[in-house]
Each structure stands twice: as structure tokens, then as C-alpha cells.
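The values are calculated or read from the model by the stated rules, or taken from the named source; none is laboratory data. If you're wondering where the values come from, they're calculated on a predicted model, not measured in any experiment. As a convention, Cβ positions derive from the backbone with ideal geometry for all residues, glycine included, and neighbour counts pool all protein chains shown. SASA here: full protein model, heavy atoms, side chains in, ligands and nucleic acids out. Shrake-Rupley method; radii C 1.70, N 1.55, O 1.52, S 1.80 Å.
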Amino acid sequence: RNGTAPIDASSGDHQRHRLSRAGNRRINRVLHIMAIVQLRNDTPGRGYYRRKLAAGKTPMEALRCLKRRLSDVVYKQLVHDTKRATAASPGGHSGATLTSSAADPTPTIDSSDKSLPGPQPASLPPAAATLLT
């Protein structure tokens with residue numbers, strides 16, 4: 001639920017719809033920004049919005065329709081990405097393997113992975129040696 005589905009706000013013979021305040025408000029905000037960007041640039045979303053206006057919708061109704069359409073596009077892309085990721089590898093993430101490097105019996109340590117020797121307290125002046133302890 002992202003709050004882009006219209007809610008019936010009709011009264012008597014007057015048919016109206018409004019946007020839902022329910023759902024994930026962050027996703028709704030992102031969809032609103034996407035819709036505004038689509039309207040500012042010459043995109044297929046702008047053409048869709050203009051077709052809705054030509055069909056007799058008010059600007060807010062046309063914007064709601066565009067947000068709903070963008071919501072459908074985002075959802076389809078998320079489903080597609082999820083299917084592709086789970087089919088690509090056994091762990092569900094690209095690059096996942098069945099073996100763990102933590103379970104490797106003989107770990108290899110590169111020279112850059114070794115700790116560097118620190119200062120020896122005995123070779124420091126007495127005042128500096130007391131600060132380190």
C-alpha cells in the first residue's frame with residue numbers, strides 16, 4: 001500500500017475521489033516527485049497526463065492517475081528484479097556463494113592484512129609510557 005489508489009469521496013450525485021492518506025508516505029512522496037519530474041519534461045508520463053486532461057479529468061485527478069501508473073511501473077520492476085535475483089544465485093543476492101570464507105580451514109593473510117607493530121612501551125620515555133597504560 002502506497003496511498004495512490006483513489007478513495008471514493010462522493011456526496012449525493014457528485015462523484016469525486018481523493019488520494020488516500022494511508023499507506024507508506026515515503027513511497028507516496030517519491031511517486032509524487034516522479035510524477036512532477038515527468039510533467040516538467042517531455043516524457044511519456046506527460047503525454048499520459050495530457051490525455052487524462054483531454055478526457056475531462058481535473059489536474060489533480062490526472063496527477064493521481066499518473067502517480068498510480070508510476071506506482072504500477074515501479075512495482076512491476078521490483079517484482080522483475082526480485083525474480084531475477086533469486087534465479088541468479090542460491091543466496092538470493094548476486095555474487096552469493098554456498099561456501100563461506102569464515103569457514104575456510106586455512107585462511108590466507110596478505111601482508112597488508114597483518115597488524116603493524118606498535119611502539120614498545122619500554123623504548124618510550126617514562127612519561128609517554130604511563131600515558132599508554
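Pairs, please: C-beta under 8 Å, at least 6 apart or cross-chain, first residue open to solvent by 50 Å² or more (accessible area, probe 1.4 Å) and in segment 55-78, second among the small types (Gly, Ala, Ser)?
Sorted first by the residue in segment 55-78, then by its partner, the pairs are Arg68/Ala5; Arg69/Gly45.
Could you check Ile7 against (1) modelled with pLDDT under 90; (2) surrounded by 10 or more Cβ atoms within 10 Å (Cβ to Cβ); (3) out of contact with any Lys or Arg (no Cβ under 9 Å at 6 or more places or on another chain) and say which number it fails?
It fails just one condition, (3).
Need the failing condition index for Thr58 against (1) modelled with pLDDT of 95 or more; (2) of a type in the set (Val, Ile, Thr); (3) under 17 Å from Ile7 (Cα atoms), just the number.
(1)
Within the bounds of segment 40-52, is there any residue that is outside any loop (DSSP other than H, G, I, E, B) and within 18 Å of Gln15 (Cβ to Cβ)?
Of all residues in segment 40-52, those outside any loop (DSSP other than H, G, I, E, B) come to 40, 44-52.
With within 18 Å of Gln15 (Cβ to Cβ) added as a condition, the list becomes 52.
There is at least one residue in segment 40-52 that is outside any loop (DSSP other than H, G, I, E, B) and within 18 Å of Gln15 (Cβ to Cβ).
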